[in-house]
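Engineer: What follows is a single structure, and I will ask about it in a moment.
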Amino acid sequence: MTSNKVSSEPFKVAIAGLGTVGGGTVKVLRDHADVIAKRCGRPVVISAVSALTKEGLDFDVSGYQWYGDAVDMAKNSDADLLVELIGGSGGVAKTVVETALSAGRHVVTANKALIAHHGAALDKLAEENSVSLNYEAAVAGGIPVIKSIREGLAGNNITKVQGILNGTCNYILTTMREEGRDFDAVLKDAQALGYAEADPAFDIEGVDTAHKLAILASVAFGVEINFKDVHVEGITHVSAVDIQFAEELGYRIKLLGVASRHNGTVEQRVHPTMVPLSAPIAQVEGVFNSVVIDGDAVDTLVLVGRGAGELPTASAVVGDICDIARGLSVPTFSIPVADLETVPTRSMSEHVGEYYVRLTLMDVPGVIADVAAALRDHGVSMEQMIQRGREAGKPVPVVMTTHETSEANMVAALDAIAALEHVTEPPRMIRIENA
C-alpha cells in the first residue's frame, strides 16, 4: 500500500530572473504550495531569488535569500534546483545554467534560444553531474508537448511534428482575417496590446518558431538539435488579399513550424502555410498555440493551449520542478546525449507539395498563356486559377494553386514568370500543407 504522507524534507528552488514568467513561477509555487506538496510527496519551497533589481515587483521576496548576481546564486545557494528565466541564447543565462549544473543542481528553464543553440552541450553537462535539465516551458508555453513526446509517446515512431508555435504571429494573422486589415496596421495594434514586442523581428520573422521547432525535432526524432539548418520565413509578406483568397479556396493561413523524417534525413521548415479549414489546427486562433504529432501507434495527436503569458508558462515551469522533486528523471532529449543521431537536413529544393501563387499582371491578351507556358516548362501543373475584376491598363491580381510538385520546380517556374514583360510585381508563393 502506498502512503500519501508528505515528507518534512523540503525541496529547495532558486529562481534567476523575476520578469513575467519568474513572477508567475513565484506566485504558482506560493499559492499552490499545499497541493504541490501532496503531489510531490514533499514541500517545494523557494529558498533564493535573483534579479537586477527589486523595483517594480508586484510580489513579496522578503522571505527569500536575495542575490544580485545570478551566477553567484547558481554556485553558492543551498537550492536543489535552479530555474533560469533570464533569457537569451548566451551570456549570463548560459553561464548561470552551466554553473548550476556543474555544482550538481538540477535546472529548469523556459529559454528556447539557449536550448536550441546549446542544448546538446548542456545536456552532456547535466548527465556528467547526474542532474536533470528540463525545459517544458521553452516550447508552446503551457502546453505539455515535451512531456507528451518524451514520456506519453515513448512507444511511438514519430514521423512528423508541426505546429503554431508563436502566439504573436497567430494573433496577427487571425486579426488580419477577421478585420480585413493589412499586416503593418495589425502589428501596430498588437504592439499596443502587448502581444508584440517594440522590436517584433524575433517573432514575425519566424526565428522564435524556428528555435522551438529545432527542439521539437530533436525530442521527437532522437536527433541532435540543428537550429542553423531550419528553413525560416516570416509573415511580413502575407497580405490581406492572400488571406481573403485563402478563405475562398478553403484554406486558412498560419505560420507553421514543420519537422518530418524522410529516408534518413530530417526536414525542418518555418513559413506561412495554407491549411485546410477542416484541419483542427486551422481553428486555433488568436494567441493560442497548437502542436500536431504523427506517431505510428497513436496516429495523430493534437494539443492546443496558451503558448505564452505569465501563468501558463509558469505552469509548465512548475510542472518540471515537480517532476524533479518527485525523483522523476528522463533524458533531456528522450535518449542519452551520446545516442542522438547526426542526421543530414533535407534541402528545401527537395520538398514536395502543393502551392498557392499570387501574381500581379497587366490584363493584356496572351499573358495567362505565357504564365501557363512557364509553369509547363518547369514541370508545374496548375490546379485552379482565380481572377477578380479588371480595369483597362491597370494590373490585376491572379491567384492559382498547383498540383503537387517539387520546390525546385516551383522556384524555377516563378523565376521565369517574374521575368515576363507583363508581370508587374514579384510573385508571392505560400506552401499548402494538406496532411
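Engineer: Among the residues of segment 363-379, is there at least one that is modelled with pLDDT of 95 or more, in a loop (DSSP other than H, G, I, E, B) and more than 31 Å from the chain's Cα centre (by Cα)?
Structural biologist: yes
Engineer: For segment 9-16, check the following and say yes or no: at least one residue is part of a loop (DSSP other than H, G, I, E, B), at pLDDT below 95 and more than 17 Å from Ala93 (Cβ to Cβ).
Structural biologist: So the first thing to find is which residues in segment 9-16 are part of a loop (DSSP other than H, G, I, E, B), and the list is 9-10.
Still in the running and at pLDDT below 95: 9.
If we keep only those that are more than 17 Å from Ala93 (Cβ to Cβ) too, we end up with 9.
Within segment 9-16, one or more residues are part of a loop (DSSP other than H, G, I, E, B), at pLDDT below 95 and more than 17 Å from Ala93 (Cβ to Cβ).
Engineer: Among the numbered criteria (1) within 21 Å of Ser329 (Cβ to Cβ); (2) out of contact with any Pro (no Cβ under 9 Å at 6 or more places or on another chain), which one does His32 miss?
Structural biologist: Here His32 clears every test but (1).
Engineer: Would you pick out the residues in segment 19-51 that are polar (S, T, N, Q) and either closer than 19 Å to Arg326 by Cα or modelled with pLDDT of 95 or more (or both)?
Structural biologist: Within segment 19-51, the subset polar (S, T, N, Q) is 20, 25, 47, 50.
Answer for segment 19-51, where residues must be polar (S, T, N, Q) and either closer than 19 Å to Arg326 by Cα or modelled with pLDDT of 95 or more (or both): Thr25, Ser47, Ser50.
Engineer: Can you pull out every residue in segment 293-344 that is in a strand (DSSP E or B) and crowded, with 22+ Cβ neighbours inside 10 Å?
Structural biologist: We begin by selecting, within segment 293-344, every residue in a strand (DSSP E or B); these are 293-295, 299-306, 333, 335, 341.
Across segment 293-344, the qualifying residues are Ile293, Phe333.
Engineer: Additional query: Please find, among Val302, Val318, Val266, the residue that is of a type outside the set (Asp, Glu) and within 30 Å of Gly17 (Cβ to Cβ).
Structural biologist: Numbers: Val302 fails: within 30 Å of Gly17 (Cβ to Cβ); Val266 fails: within 30 Å of Gly17 (Cβ to Cβ).
On inspection, the qualifying residue turns out to be Val318.
Engineer: Let me ask something else about it. Would you pick out the residues in segment 240-285 that are among the small types (Gly, Ala, Ser), in contact with a helix residue (DSSP H, G or I) (Cβ under 6 Å, 6 or more places away or on another chain) and under 19 Å from Val139 (Cβ atoms)? Full working, then the answer.
Structural biologist: Just the residues of segment 240-285 that are among the small types (Gly, Ala, Ser), to begin with: 240, 246, 250, 257, 259-260, 264, 278-279, 282.
Next, from what is left, pick out any that are in contact with a helix residue (DSSP H, G or I) (Cβ under 6 Å, 6 or more places away or on another chain): 240, 257, 259.
Result: Gly257, Ala259.
Engineer: Sticking with this structure for a sec: Looking at segment 173-219, which of its residues are free of Cβ contacts under 8 Å to residues at least 24 places away in the same chain and on the phi > 0 side of the Ramachandran plot?
Structural biologist: Across segment 173-219, the qualifying residue is only Gly194.
Okay, residues lined up against (1) among the aromatic types (Phe, Trp, Tyr); (2) assigned by TED's automatic domain parsing to the domain that holds Gly206; (3) without any contact (Cβ under 8 Å) to a residue 60 or more places away in the chain:
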residue	(1), (2), (3)
Ala33	no, no, yes
Arg39	no, no, no
Thr53	no, no, yes
Tyr64	yes, no, yes
Glu84	no, no, no
Val97	no, no, yes
Val108	no, no, no
Leu114	no, no, yes
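Engineer: Something else about it: If you take the residues in segment 123-150 that are of a type in the set (Asp, Glu) and in contact with a Pro (Cβ under 9 Å, 6 or more places away or on another chain), which one is surrounded by the fewest Cβ atoms within 10 Å (Cβ to Cβ)? Please lay out each step first, then the result.
Structural biologist: Of segment 123-150, the ones of a type in the set (Asp, Glu) are 123, 127-128, 136.
Applying the additional criterion that residues be in contact with a Pro (Cβ under 9 Å, 6 or more places away or on another chain) yields 123, 127, 136.
On the way: Asp123: 23, Glu127: 17, Glu136: 27.
Here the residue is Glu127.
Engineer: Are any of the residues in segment 337-357 touching a Cys at 6+ places or on another chain (Cβ under 7 Å) and outside the structural domain of His32 (by TED's automatic domain parsing)? Spell out the reasoning first.
Structural biologist: The first filter runs over segment 337-357 and keeps only residues touching a Cys at 6+ places or on another chain (Cβ under 7 Å), leaving none.
No; the residues of segment 337-357 include none that is touching a Cys at 6+ places or on another chain (Cβ under 7 Å) and outside the structural domain of His32 (by TED's automatic domain parsing).
Engineer: Pairs under 7 Å by beta carbon, first residue outside the structural domain of Val275 (by TED's automatic domain parsing) and within 19 Å of Leu165 (Cα to Cα) in segment 233-246, partner buried (at least 16 other Cβ atoms within 10 Å of the Cβ) and of a type in the set (Phe, Trp, Tyr), six or more apart or different chains?
Structural biologist: Close Cβ pairs (under 7 Å, with a partner that is buried (at least 16 other Cβ atoms within 10 Å of the Cβ) and of a type in the set (Phe, Trp, Tyr)) do not exist here.
Engineer: Filter segment 19-32 down to the residues that are part of a helix (DSSP H, G or I) and out of contact with any strand residue (DSSP E or B) (no Cβ under 7 Å at 6 or more places or on another chain) and list them by number.
Structural biologist: Residues of segment 19-32 part of a helix (DSSP H, G or I): 20-31.
Once the filter is applied, which keeps residues that are part of a helix (DSSP H, G or I) and out of contact with any strand residue (DSSP E or B) (no Cβ under 7 Å at 6 or more places or on another chain), segment 19-32 yields Thr20, Val21, Gly23, Gly24, Lys27, Val28, Arg30, Asp31.
Engineer: Which of the following residues is among the acidic types (Asp, Glu) and either under 30 Å from Leu29 (Cβ atoms) or more than 23 Å from the chain's Cα centre (by Cα) (or both): Asp299, Asp339? Spell out how you get there, then give the answer.
Structural biologist: Working: Asp299 fails: either under 30 Å from Leu29 (Cβ atoms) or more than 23 Å from the chain's Cα centre (by Cα) (or both).
Answer to the selection: Asp339.
Engineer: Could you list, in sequence order, the residues of segment 100-122 that are hydroxyl-bearing (Ser, Thr, Tyr) and buried (at least 20 other Cβ atoms within 10 Å of the Cβ)?
Structural biologist: Keep residues of segment 100-122 that are hydroxyl-bearing (Ser, Thr, Tyr), which gives 102, 109.
Hit for segment 100-122 is Thr109, nothing else.
Engineer: Scan segment 185-239 for residues that are closer than 23 Å to Leu122 by Cβ and basic (Lys, Arg) and jot them down.
Structural biologist: The answer is Lys212, Lys228.
Engineer: Condition first: of a type in the set (A, V, I, L, M) and either without any contact (Cβ under 8 Å) to a residue 40 or more places away in the chain or closer than 12 Å to Arg376 by Cβ (or both). Now tell me which residues in segment 396-421 satisfy that.
Structural biologist: Going through segment 396-421, the residues of a type in the set (A, V, I, L, M) turn out to be 396, 398-400, 408, 410-414, 416-420.
Once the filter is applied, which keeps residues that are of a type in the set (A, V, I, L, M) and either without any contact (Cβ under 8 Å) to a residue 40 or more places away in the chain or closer than 12 Å to Arg376 by Cβ (or both), segment 396-421 yields Val396, Ala412, Ala413, Ala416, Ile417, Ala418, Ala419.
The values are calculated or read from the model by the stated rules, or taken from the named source; none is laboratory data. Quantities reported herein were computed from a predicted structural model and do not represent experimental measurements. Ideal geometry is used to build each Cβ from the backbone, glycine not excepted, and the neighbour counts take in all protein chains shown.
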